[in-house]
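These notes are about the structure you will find just below.
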Amino acid sequence: MIAVISHAWTADVEGAAEGYRAGVEDFLDFHLGQAGFRGRLLVRSQTDPCHFTNIRFFDAVADYEAMVHRDGYAERINALAAHLRPHEGAPGKDYADVVAEHWPDPAGGR
């Protein structure tokens, strides 16, 4: 499994941040329609509440790359970008291998 990690900074901590978070939620169905998609996290910094980190999990980089070429992807990304601070060039993303995975069992086990 791989993780696709990217960062975003919203224009403000209220309206734009909430719009960005809601837009990410609305994007879930698109992700669920992609073979190899395993899940995602959106985390928000407590130090800088305009800073969000997106972590998407896929079986392989090729699965993520296939998703970004599907019809409708660019429109959804552009809608999210409307909530972000202006920046030069495309924000970077990083591909990382998941080398350990630990999620607690809700029943209290390991």
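May I ask you to derive the relative contact order of the range 21-109, considering only C-alpha pairs under 8 Å and at least 6 residues apart, and to give it as an integer percent? That works out to 22 percent. Note on SER45 and LEU28: the extension gain reaches 4.0 nm, defined as 0.36 nm multiplied by sequence separation minus the Cα-Cα distance.
The simple spin-label model puts a point 7 Å past each Cα toward its Cβ; for ASP105 and SER6 those points are separated by 3.7 nm.
Every number here is computed from the coordinates shown, using simple stated rules; none is lab data. Note that this is a predicted model, so its numbers are computed, not measured. Reconstructed Cβ throughout: ideal geometry from the backbone, glycine too, with neighbour counts over all protein chains shown.
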